[in-house]
Amino acid sequence: VLKNAMPKQDIILVKLSGHGLEDSGIYQGMSGSPVFINDRLIGALAYGWSYTKVSIAGVTPIHNMLDELKRPLEEPVSVAAADKSAGPGYRDGRIVPLTTPVMVSGVPSSIMGEVSDFLDDYNMTPLQGGGARDDIPAGPFRPGSAIGVTLARGDISMHAIGTVTWVDGSKVLAFGHPFLNGGEIRFPVTGARVLALLPRLSISAKMGLAGAEAGGLIQDRQACVVADTEYRAPMYPLDMDVINEKTGRGECLEVEMAWETSFTSQLMDILLRAGLEYAEAHAGENTAETVVEAKFEGYPPVTLENTYFNGKGPFNKVMLEPVRRMLYNPFEKVKLESLRVQARITPDIRIAMIKRLWMEEDEIPPCGTGHVHVVLEPFGRKETE
C-alpha cells in the first residue's frame, strides 16, 4: 500500500496476470475494474506507470469511493471549469490515472489529430469506431460491467468507455479516478459493450460501443465518478448547415453535446471543424460566410454574422469566439440552450488592401453625418472606391 499517494487517499499496488495481461499490459478502459481478495472488494483498478516491463497497477481503495456516495449535491447543474488534472498521459515516474478510451464516430480521419490533441488534455484517447447502438442494453449495471459516458451524440458521436466498480441502489461507482475532475457535472451514461482488445506497443486499449442511455453522471471526484440510473442529464443541440460553393454540396449535421463549460467550449470547435470537413469545404484558400445563432436561457436568440478569409481549410477559431465570450462573461452565469451554425464556403480570396481614405468634411457637429471615401485594392483586381 502506498500511503497517502493521493491527497488523503492511499493507492494499493497490484501485479496483474492472466488473460495475456503479462504481454499486453493494462488496457485503456479497464479503469474501475473491481479488484477482489478472498471475495471481498478492495477497490478499483485506476492507476499505472509508463514503460513498465510487468503489469503493475494502482488500485483506488473502495472506502474512498463509497465516501462519495455520502457527498451532498450542492447544485442541480455545475458549470465549473474542469481542472484538466484528471491527468496527462503516462509520464516517467508519475502515477497517473489510466487513460480513458473515447469511441469516436462521424469524424473524418483528417482531423483525428486535432481530436487527439483536445482529448489528451483530459487524459482521454480517441479511437475511431461506430456510434452508439440502441440494441446494446442500458443495464442493469454490475461490478465489472462496461459503462459509457456520452460527450456528444448524433451525426457525430463521442463516448468514453470505462468499467463499473460497485452498485448501490440507483448509484453506480466507476472509473476509480476522475473523469474531468469537474466536481458536480452532468453527462449522460450508457450501457456499453467491449468488442475487441487491442494490444499495442504504446498503451493497449479496449474498443467498444456505447448503448442505450442508462442514467446520468452526477459526481466527478478524485476517487471515482458517481452515476445515478434514475437521473437523465440534459443535452444541448448543435446544428450545422454547410454549403460548399465549389462542389455545390450542402450538408446538415445534427449533434447534441453534454455540458461542462470549459470542456464543451472546446468540443464545439471540434464538432464544427468535423462538420466543415465532412462537407468537403476545405479546398485551399477560401472565404467563409457564417451565421451563428445562439440561444441562452432567459434571453432572446443572439445572431452573429461574419465573413472570414482562411488560408487553409474553412474552419476559423474566431467563428465561435463570441459565444465563448458570452459563456465566460463576468456579469452573470448563463446557460446555452442551443447553437446553430450556417456556413457558406467559397473558393475565392475575398480580401482587399486599403490604399487611401479621406473625409469630405473638415468637422462633424455632434450627432451630425460624415462622409468617408475609401479606395480598396481587392486581391488580384484593380482599385475600387
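Tabulated data for the structure shown
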item	result
Measure of compaction for the range 156-247 (Cα Rg per 2.2 N^0.38 Å)	1.34
Alpha-carbon radius of gyration plus Dmax, which is the widest Cα pair, for the chain in Å	24.9, 92
Residue among ILE147, THR125, PRO137 farthest towards the positive dipole end of the range 98-160, charges placed on Cβ	PRO137
Rounded tilt (10° steps) of 261-278 against the dominant C-alpha axis of the chain	70 degrees
Positive-end residue of MET257, PHE309, PHE296, charge dipole of the range 246-343 with Cβ unit charges	PHE309
Per-residue HN-Hα couplings for the range 331-342 [Karplus 6.51, -1.76, 1.60; θ = phi - 60°; Hz; x = Gly/Pro]	9, 7, 7, 10, 10, 6, 9, 6, 9, 10, 10, 10
Percent of Cα pairs exceeding the 21 Å cut-off, where the set is the range 256-338	32 percent
Nonlocal amide H pairs with ILE147, under 5 Å, H built at 1.01 Å	GLY162, THR163, VAL164
The chain, helix-only ellipticity at 222 nm - DSSP H runs n ≥ 4, -39,500 (n - 2.57), divided by all residues, nearest 500	-3000 deg cm²/dmol
Pair-distance profile P(r), taking every C-alpha pair of the range 195-270, with 10 angstrom steps and integer %	13, 26, 35, 20, 6, 0
Exposure rule at most 12 other beta-carbon atoms within 10 Å, DSSP loop trypsin sites (Lys or Arg not before Pro): the chain longest free segment	54-199
Radius, Kirkwood style, for the range 231-271 when every pair of distinct Cα atoms is counted (Å)	11.9 Å
Check: the range 258-385 dipole with +1 on Lys, Arg Cβ and -1 on Asp, Glu Cβ, in debye	460 debye
Charge dipole magnitude, Cβ of K and R +1, D and E -1 - the chain, Cα centre, debye nearest 20	1560 debye
Relative contact order of the chain, pairs being alpha-carbon contacts under 8 Å that are 6 or more residues apart, as %	13 percent
Alpha-carbon Debye profile of the range 23-73, log10 I(q)/I(0) at 0.13, 0.20, 0.31 Å⁻¹	-0.38, -0.76, -1.17
Estimated dipole of the range 136-235 in Debye, rounded to 20 [Cβ of Lys and Arg +1, of Asp and Glu -1, Cα centre]	280 debye
Cα-based Rg / Dmax (Å) for the range 298-385	19.2, 49
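FYI, it's all coordinate maths here, none of it is from the lab. It should be emphasised that the depicted structure is a prediction, and the values quoted were computed from it without experimental measurement. Backbone-built Cβ (ideal geometry, glycine too); neighbour counts: all protein chains shown.
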